[in-house]
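One structure below.
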Amino acid sequence: ADSFLGRYKTIAIFAAIQTLGTGALAIATKLPQLRPPPCHASASHTCKPANGFQMGILYVALYLIALGTGGLKSSVSGFGTDQFDDKDEKEKAQMTYFFNRFFFFISTGTLTAVTVLVYLQDEVGRSWSYGICSVSMFVAILIFLSGTKRYRYKKSIGSPIVQIFQVIVAAINKRKMELPYSVELLYEDTPEAQRIHHTDQFQFLDKAAIVAEGDFERNVVSAPNPWKLCSVTKVEEVKMMVGLLPVWATTIIFWTTYAQMITFSVEQASTMERSIGGFLIPAGSLTVFFVAAILITLAVYDRLIMPLWKKLKGKPGFTNLQRIAIGLVLSTLGMAVAALAEKKRLAVARTVGATTTTLPISVFMLIPQFFLVGAGEAFIYTGQLDFFITQSPKGMKTMSTGLFLTTLSLGFFVSSFLVSVVKKVTGSNDGQGWLADNINHGRLDCFYGLLAVLGVINFVLYLVCAVWYKPKNPKPALQMETIVNGSSAENKC
């Protein structure tokens, strides 16, 4: 998106791809030819499986949605921040509110999905739910296109990944060279208004800006070979991306915790008393408390905390690193509370018998863990989004957003890895252990406790990374511009 299409076109194209995917799912679940016949399996009758063509249609639809989501999610937040001028103090302050409201509307959509659409899916039909998603996306595209003339656009400046490799290759090739005594002797061809402060971090990369023989063609005034010589600003942009990695790594554990809320916590709920009057709450719908916690937290933060903080400290709310820290603390507390709740549930299971289908204990006992982790997500998602967008170079915002989104996917991978390790270490020949097939026979409380301990260790590491990290000054410094032509240099103030 940063390299070729630009964020505007990327959003429009990939939103359309996602719409096609949901539309294909709606058709596949509606037409009898595209799905296997309805079936209730029994000892004397087996269900007819889907054929290759039907499975093909299903996978095409799912991968269209995945492809559309990838292009849309990585670009839409960056395009939103493009509408604010970070050199204007008023607009810069408004950008802070944007991140909260952006995530608020995402969470509102999630809330609608786990309530209204799940009900329609179960009571009316899947094709109706997917059809509503498809129509909603189509309407959203029309609304997005209606603002075309009002948007601010940032020009695509080439692939940021290529630039990163150019700096690394140039630095490796010049690894044996000594850095000059003055920063002014390093190569710089970027206009003054777009330059970035030189920093002392990752000095090895500075070697990519050392002017050496052969970097310029003889008797030709032209730009140097970017694989041999890079400007100080380009080197600093790569440094900015490298500097994000420690914070990036220490936020993965939150999404590992998050994974438990939509897996094991739902499994817990399925064994507990869930009826209200004559209505039985679906175990999967317990995530409504999770989403509610996000919406409540965002609303309170936006309407109360931010104005109060601005009045007391002169700043519109917590910094992005502070919000990430709050999110990590809340998620760790959520796992500790989950361990205590599971300990109580297991005690009841042992009393009435582990094979009891519905234990005489209210499912609402799980609400605190949903609320704590949900509130944590409200802080950490907006904090991460703010951090990765505002602390990355202008031309790398989409890639930086993609970097942030990988913490979500890696969190689920780490969760799967932990589950595999715990099953192997604590399991026995009879299939029992901390994570038994029937959780009434397991020790899920110990697993939650392990995650809480890992959360504490990770939080300490995060604090070290946050203290080490030096926020980038948005106002570029006025540095000397060194233009090299053969052996001569001309300095411009």
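The values are calculated or read from the model by the stated rules, or taken from the named source; none is laboratory data. Remember, predicted model here, so these are calculated numbers, not experimental data. Virtual Cβ from ideal backbone geometry, glycine too; neighbours counted across all protein chains shown. When the accessible area is computed, the model is the full protein with side chains, heavy atoms only, and any ligands, DNA or RNA have been set aside. Shrake-Rupley method; radii C 1.70, N 1.55, O 1.52, S 1.80 Å.
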Taking the condition free of Cβ contacts under 8 Å to residues at least 40 places away in the same chain, assigned by the TED database to the domain that holds L333 and on the phi > 0 side of the Ramachandran plot, does G277 pass?
yes
Is there any pair linking a residue in the stretch 1-15 that is not assigned by the TED database to the domain that holds G70 and modelled with pLDDT of 85 or more to one that is in a helix (DSSP H, G or I) and of a type in the set (D, E, K, R), with Cβ under 6 Å and at least six apart or on different chains, and which?
none
Just checking, does the stretch 59-81 include any residue being within 20 Å of G284 (Cβ to Cβ) and not aromatic (F, W, Y)?
yes
Condition check: under 20 Å from the mean Cα position of the chain (by Cα), under 15 Å from M261 (Cα atoms), of a type in the set (D, E) and in the same structural domain as P316 (by the TED database). Does E342 satisfy that?
no
So for the stretch 368-380 (the condition being in contact (Cβ under 8 Å) with a residue 12 or more places away in the chain, surrounded by fewer than 22 Cβ atoms within 10 Å (Cβ to Cβ) and not assigned by the TED database to the domain that holds M95), does at least one residue qualify?
yes
Among (1) surrounded by 18 or more Cβ atoms within 10 Å (Cβ to Cβ); (2) modelled with pLDDT under 85 - the single one R345 does not satisfy:
(2)
Name the single residue, out of those in the stretch 93-127 being in contact (Cβ under 8 Å) with a residue 60 or more places away in the chain and more than 21 Å from the chain's Cα centre (by Cα), that is most open to solvent (accessible area, probe 1.4 Å).
R126
Kindly establish whether I262 is modelled with pLDDT under 85 and either out of contact with any Lys or Arg (no Cβ under 9 Å at 6 or more places or on another chain) or assigned by the TED database to the domain that holds F364 (or both).
yes
Name the pairs: first residue in the stretch 133-155 and more than 22 Å from I27 (Cα to Cα), second residue not in a helix (DSSP H, G or I), Cβ to Cβ under 6 Å, at least 6 apart or on different chains?
R152/Q83
Which residues, counting only those in the stretch 391-438, are hydroxyl-bearing (S, T, Y), over 19 Å from the mean Cα position of the chain (by Cα) and surrounded by fewer than 15 Cβ atoms within 10 Å (Cβ to Cβ)?
S420, S428
Do the conditions hold for Q54, that is, is it open to solvent by less than 80 Å² (accessible area, probe 1.4 Å), in contact with a Pro (Cβ under 8 Å, 6 or more places away or on another chain) and closer than 22 Å to G21 by Cβ?
yes
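Condition check ((1) part of a helix (DSSP H, G or I); (2) surrounded by 14 or more Cβ atoms within 10 Å (Cβ to Cβ); (3) outside the structural domain of S400 (by the TED database); (4) at pLDDT 85 or above) across all residues:
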position: T148; (1), (2), (3), (4): no, no, yes, yes
position: I168; (1), (2), (3), (4): yes, yes, yes, yes
position: R175; (1), (2), (3), (4): no, no, yes, yes
position: L179; (1), (2), (3), (4): no, yes, yes, yes
position: L205; (1), (2), (3), (4): yes, yes, yes, yes
position: F216; (1), (2), (3), (4): no, yes, yes, no
position: V220; (1), (2), (3), (4): no, no, yes, no
position: N225; (1), (2), (3), (4): no, yes, yes, no
